1. Compute the relative contact order of segment 1-49 as a whole-number percentage, counting only Cα pairs closer than 8 Å that sit 6 or more residues apart in sequence.
2. Quick one: Cα centre-to-centre distance for segment 69-138 and segment 183-229, in angstrom?
3. Run the reach check for LYS42 against lysines, Cα to Cα strictly under 18 Å, same-chain hits fewer than 8 apart removed. What comes back?
4. Normalised radius of gyration for segment 233-284, please: alpha carbon Rg relative to 2.2 N^0.38 Å, two decimal places.
5. Taking only protein heavy atoms into account and a 1.4 Å probe, give the accessible area per residue of the chain in Å².
6. As a test of the formula, what do you get for the chain when each DSSP H run with n ≥ 4 contributes -39,500 (n - 2.57) and the sum is divided by the residue count, at 222 nm and rounded to the nearest 500 deg cm²/dmol?
7. Kindly provide the Kirkwood hydrodynamic radius of the chain in Å, to one decimal, from all pairs of distinct alpha carbon atoms.
8. Could you check how much of the accessible area of the chain is carbon and sulfur, as a whole percent, using a 1.4 Å probe?
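The values are calculated or read from the model by the stated rules, or taken from the named source; none is laboratory data. Quick caveat: nothing in here was measured; it's all calculated off a predicted structure. Cβ placement follows ideal geometry from the backbone for every residue including glycine, while neighbour counts extend to all protein chains displayed. Only protein heavy atoms, including side chains, enter the accessible area calculation; ligands, DNA and RNA are left aside. Shrake-Rupley method; radii C 1.70, N 1.55, O 1.52, S 1.80 Å.
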Amino acid sequence: MEKKATVNDIIRLMENWAPKKFAYDWDPIGLQIGRPDASAGKVLVTLDVTEEVVIEAAEAGAGLIIAHHPPLFRPLKSVRTDTPNGRIVELCLRHGISVYVSHTNLDVAPGGVNDMLAQKLGLSGISIMEETYREPLFKLAVFTPHDSVEKVRKALGDAGAGAIGEYTHCSYELEGTGRFTPSEGADPYIGSVGKEEAVSETKIEVVLTGSIRTRVEQAMIEAHPYEEPAYDFFVLDQRLEEYGIGRVGHLPEAMSLESFAEHVKERLGVPALRAVDGGNEKIRTVAVPLSVKRRMCS
C-alpha cells in the first residue's frame, strides 16, 4: 500500500531547502494552521492566503497550502470568525487544510525566490544584496586503513561533506602510519590485545558546514571499520558559508527603462507591470527583491 505524504513530510522537504535559521527573527514562518501528521494530498502554493485561496484549495482537494506571506503575522488574541483572519482560520479548519509559511528563509535560500527571479531575468555576476546569516565551516580528518578508504570516503560524500561550489565528494588523502595498542576489553579490527601495532593508514580530509556535522560524523563512524576511529574536527574560521537577502546582478547589455520593462514582462510572462521613471540613465545593474506566483502541485 502506497504511503501518503503527510504535512510534516512536505515541511521536511521545504526546510531542507530553506531552513528556518535563514529567516529573520521577526518572521513568523512555519506551520501556522493545522497539524503536522495530517495528510497533505495536493499542495497549493501561493503568495498570500486569502479566503478565495482557501476555497480554491478546498475545491481542488488540497490538504496543504504553502504560502510566502504569513497570514497570521502577529499572535492572535482571539479567533473571531467575523474578521478576515478569523474567517481564514475557520475555513482552513472546516476543510482540513493546513497552512505552512516559508518567507524570508525562502528568499535567502540558495535557489530560492531571490535566486530564481535573478536567473529568470537573465542576470549574470549575481551576488547577495545584504548578508543575513553565516554558517561556520569545519574540516574533518579521519584516519582509515587502506582497505576501507573508498567506503569511508563515499559515506562522507553521500552525507554532504566535501561539497565545494558545484562539486561534491571532494576530499584530500595523505598516507601515513598509525600506531596503537589494544587494551583488555578491546575488540580490534587489526592487531591483538596487549600488542603494539603499526598500520599503514590514509588520512581523509573533507570540509563540511556546521549544519551537517552530526550527520557526517555518524555516517563516518558507521562506515569506519575500527571500533574507535581516530578523527578530528577543525573550525575553519577564515572561511564561512554566507547567505543573504536580495540579489544584485548585471544585464547582458544596458537598457532604457522602457526596454527593461518589456524585458521583464517577456521573461516573467506577465501582461503588465508598474514602473517608476528614475531618469534617462541606461540600466545595467539590477537589484532583485522577491516575487512568487500561485500554482497547484500534487
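1. On the way: 25 pairs, mean separation 29.3, N = 49.
Rounded, it is 60 percent for segment 1-49.
2. 42
3. LYS3, LYS4, LYS293
4. On the way: Rg = 18.1 Å, N = 52, 2.2 N^0.38 = 9.9 Å.
Output field value: 1.83.
5. Working: 17590 Å² over 298 residues.
Result: 59 Å² of accessible area for each residue.
6. Details: 8 runs with 79 residues, N = 298.
After summing the helix terms and dividing by residue count, I get -7500 deg cm²/dmol.
7. For the chain, the Kirkwood estimate is 23.3 Å.
8. On the way: 8910 of 17590 Å².
C and S atoms contribute 51 percent here.
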